[in-house]
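Got a structure for you, questions after.
The values are calculated or read from the model by the stated rules, or taken from the named source; none is laboratory data. Bear in mind the structure is a predicted one, so any value in this text is a computation, not a measurement. Positions of Cβ are generated from backbone atoms using ideal geometry, with glycine treated the same way; all protein chains shown enter the neighbour counts. Protein only, heavy atoms only, side chains kept; ligands, DNA and RNA dropped before computing areas. Shrake-Rupley method; radii C 1.70, N 1.55, O 1.52, S 1.80 Å.
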Amino acid sequence: MMLLLQVADTTAKLIDTAARTTQQLATQPTEELRFGDLLLKGGWVMVPIGILAVLGLVIFFERFFTIQKASKNESHLMTQVRSSILSGNVEAAMAICRSINSPLGRMLQKGLLRIGRPIKDIEGAIENVGKLEVSKLEKNIGIIGIVAGIAPMFGFLGTIAGVIKIFYDISKTDNISMGVISGGLYVKMVTSAAGLFVGIIAYVCYHILNMMVDKVILKLETDAIEFIDLLEEPSK
């Protein structure tokens, strides 16, 4: 009987100790994984992905404001040039184009310099200047396209590195457990997500800039046609 009482007492003590331990663990604050710590889990692959992200954003904002400046409404320029040409004051029209210092202004200025020559020559001169202006607007946009393609590849490289780390840790410890493979899983998931995220953002930015350039090209072509029609008006 005494033995049974001792066993029951010991069991009660163990249950009480386990309950107190469980309660203490439940009341302890859970450690939160901060965003910066999560990025660090990705390892060295996060460095080139971060560089690509910064490079893409810098080029995007620089090109965005440049293209936006070139796409501003210049209907007043066409109105002033039309008024000067119809009054026979070509020099005034050239001065107006020179003062504007915009892609359209430089195109019209080139066309005004060719007044007196055949219309085909004027059209060719304006077209050549237009191509140069468009190439200036498209400068470095292709780099964003490269970033969109390379960033996910670096993420995939991080995935391979994470898998290698998992098998390396297993070979060292001879223990297949979540604690052993969690480090490699962090590298695998974080780099994949970061590479895809940067690639998607760069892809969107690349097409936004291309659409803006296409809009500028359409506007320049429309104004160039209007200018050529203006030069042909006296001869109709």
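In segment 97-108, which residues are surrounded by fewer than 20 Cβ atoms within 10 Å (Cβ to Cβ) and in a helix (DSSP H, G or I)?
Residues satisfying the conditions are Arg98, Ser99, Ile100, Gly105, Arg106.
Among the residues of segment 62-96, write down those that are open to solvent by 80 Å² or more (accessible area, probe 1.4 Å), closer than 30 Å to Ile141 by Cα, charged (D, E, K, R) and part of a helix (DSSP H, G or I).
Glu62, Lys69 - these are the residues of segment 62-96 that are open to solvent by 80 Å² or more (accessible area, probe 1.4 Å), closer than 30 Å to Ile141 by Cα, charged (D, E, K, R) and part of a helix (DSSP H, G or I).
Further question: All but one of (1) of a type in the set (A, V, I, L, M, F, W, C); (2) open to solvent by 40 Å² or more (accessible area, probe 1.4 Å); (3) modelled with pLDDT of 85 or more hold for Ala53; which doesn't?
If we test Ala53 against (1) of a type in the set (A, V, I, L, M, F, W, C); (2) open to solvent by 40 Å² or more (accessible area, probe 1.4 Å); (3) modelled with pLDDT of 85 or more, just (2) comes out false.
Conditions first: (1) at pLDDT below 70; (2) open to solvent by 40 Å² or more (accessible area, probe 1.4 Å). Val187 passes all but one, so which condition is the exception?
With respect to (1) at pLDDT below 70; (2) open to solvent by 40 Å² or more (accessible area, probe 1.4 Å), Val187 is out only on (2).
Let me ask something else. For Ile126, work out the one condition from (1) over 30 Å from Leu52 (Cα atoms); (2) assigned to a loop (DSSP other than H, G, I, E, B) it doesn't fulfil.
(2)
Quick check, is Gly199 open to solvent by less than 70 Å² (accessible area, probe 1.4 Å), in contact with a Phe, Trp or Tyr (Cβ under 8 Å, 6 or more places away or on another chain), of a type outside the set (A, V, I, L, M, F, W, C) and at pLDDT 80 or above?
Working: open to solvent by less than 70 Å² (accessible area, probe 1.4 Å): yes; in contact with a Phe, Trp or Tyr (Cβ under 8 Å, 6 or more places away or on another chain): no; of a type outside the set (A, V, I, L, M, F, W, C): yes; at pLDDT 80 or above: yes.
No.
Please go through segment 109-141 and give me each residue that is open to solvent by 40 Å² or more (accessible area, probe 1.4 Å) and under 25 Å from Ile59 (Cβ atoms), ordered by number.
Lys131, Leu132, Ser135, Lys136, Glu138, Lys139, Asn140
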